[in-house]
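Here the structure is laid out as structure tokens; the discussion comes afterwards.
The values are calculated or read from the model by the stated rules, or taken from the named source; none is laboratory data. Keep in mind the model is a prediction, meaning the values are calculated, not measured. Positions of Cβ are backbone-derived with ideal geometry, glycine not excepted, and every protein chain shown enters the neighbour counts. Accessible surface areas use protein heavy atoms only, side chains included; no ligands, DNA or RNA. Shrake-Rupley method; radii C 1.70, N 1.55, O 1.52, S 1.80 Å.
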Amino acid sequence: METASRVELIAKGGLSEVPSQYIQPPDARPNLHNAGDAAQIPTVDLSSSDSAREAIGDACRNWGAFHVINHGVPINLLDRIRALGRSFFQDSPMEEKLRYACDSTSAASEGYGSRMLLGAKDDVVLDWRDYFDHHTFPISRRNPSRWPIHPPDYRQVVGEYGDEMKKLAQMLLGLISESLSLPCSSIEEAVGEIYQNITVSYYPPCPQPELTLGLQSHSDMGAITLLIQDDVEGLQLYKDAQWLTVPPISDAILVLIADQTEIITNGIYKSAEHRAVTNANRARLSVATFHDPSKSARIAPVSQLSPPFYKEVVYGQYVSSWYSKGPEGKRNLDALLC
């Protein structure tokens with residue numbers, strides 16, 4: 001992890017230029033003036049499962065992502081977890097944040113951090129982001145004593161949020177299965193016991209946003225990700241050879257198909273390649289809830305969708321490769337093509 005003084009300067013917007021370790025190579029820098037608009041990204045109304053099923057199938061085939069409304073998660077819970085995240089990153093002193101520092105040598109370690117990829121190589125370009133990762137499922141992984149104590153309802157809200165997101169993820173995996181004319185339980189059974197992490201990401205104002213990325217280009221490695229944003233734009237999807245900005249919708253939840261679901265559906269449904277850009281004026285916050293297989297799970301295309309286009313993979317090995325080599329778009333998934 002970086003030194004506390006540098007993290008604190010960045011978090012407070014106290015730098016006039018970007019430190020060298022955050023400067024992306026020229027071919028990875030965002031073109032902030034020519035980003036397309038992803039306003040046409042599908043929005044699926046979950047109040048009718050019949051119409052939702054067809055719409056979800058189209059979205060998974062063509063986008064790998066879609067918004068859901070009438071999703072059953074209380075809107076005040078979405079608002080509350082955003083407020084708690086903002087309070088932690090903006091109001092907590094650095095000493096308090098570092099009490100919860102994650103293990104920078106371990107992949108997806110729980111706690112507060114600022115460096116996603118493993119290794120001590122100095123040439124790794126850092127994302128312009130701080131985050132707090134919470135382990136919430138299975139329940140045996142859930143240890144609220146590792147989460148912030150302020151505001152007083154922080155731990156309760158994170159627990160409730162995780163419960164609601166897991167229910168929604170299971171519903172969506174069922175609808176995704178059915179949209180392929182598979183039994184409702186097909187994808188969830190292929191995934192096995194769900195491991196859930198909730199990651200609150202904070203992107204401070206950046207003095208030179210044209211040189212940085214808040215989060216580098218990647219597709220999520222698990223099964224399905226449910227994401228909410230605040231009202232600041234920054235999330236981009238890669239589609240048809242261009243980056244499209246995803247407009248924030250405060251009451252909606254963005255669904256991102258992840259790599260293991262692409263494997264399980266034999267490439268019929270694509271995981272969503274995405275990234276985050278920064279801006280000079282406003283901080284941005286998002287909350288991503290990841291639903292993944294266990295590290296020992298063996299993932300392969302379901303037998304009904306043959307012949308297989310992907311090799312079987314042990315999920316823990318996939319995770320290790322992703323964190324040690326870096327995502328670079330979808331190269332880890334492409335390596336499994338038969």
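List of remarks:
- Once the Cα atoms are used to define both axes, helix 315-325 deviates from the longest principal axis of the chain by about 40 degrees.
- Net charge of neighbours whose Cβ lies under 10 Å from the Cβ of Lys330, counting Lys and Arg as +1 and Asp and Glu as -1: -3
- Pairs from Lys167/Lys311; Lys270/Lys325; Lys166/Lys270; Lys295/Lys330 whose Cα-Cα separation, in the structure shown, is over 23 Å: Lys167/Lys311
- Vicinal HN-Hα couplings computed from phi for segment 185-196 (Karplus, 6.51 cos²θ - 1.76 cosθ + 1.60; Hz; Gly/Pro x): 8, 4, 5, 5, 5, 5, 6, x, 4, 7, 9, 10
- Mean separation of Cα pairs under 8 Å and 6 or more residues apart, divided by the residue count, gives the chain a relative contact order of 22 percent.
- The residues of the chain expose, per residue, 42 Å² of accessible area to a 1.4 Å probe.
- Cα convex hull, segment 44-195: 147 Å³ per residue, rounded to a whole number.
- Our helix-only sum for the chain, with -39,500 (n - 2.57) per DSSP H run of n ≥ 4 divided by its residues, gives a mean residue ellipticity at 222 nm of -8500 deg cm²/dmol.
- Atom-type composition of the exposed protein surface of the chain places 48 percent of the accessible area on carbon and sulfur (1.4 angstrom probe).
- Heavy atoms of Cys184 accessible to a 1.4 Å probe, total area in Å² rounded to 10: 70
- Computed over neighbours whose Cβ is under 12 Å from that of Ala28, the net charge equals -2, Lys and Arg +1, Asp and Glu -1.
- Gap separating the Cα centres of segment 243-291 and segment 133-164, nearest whole Å: 22
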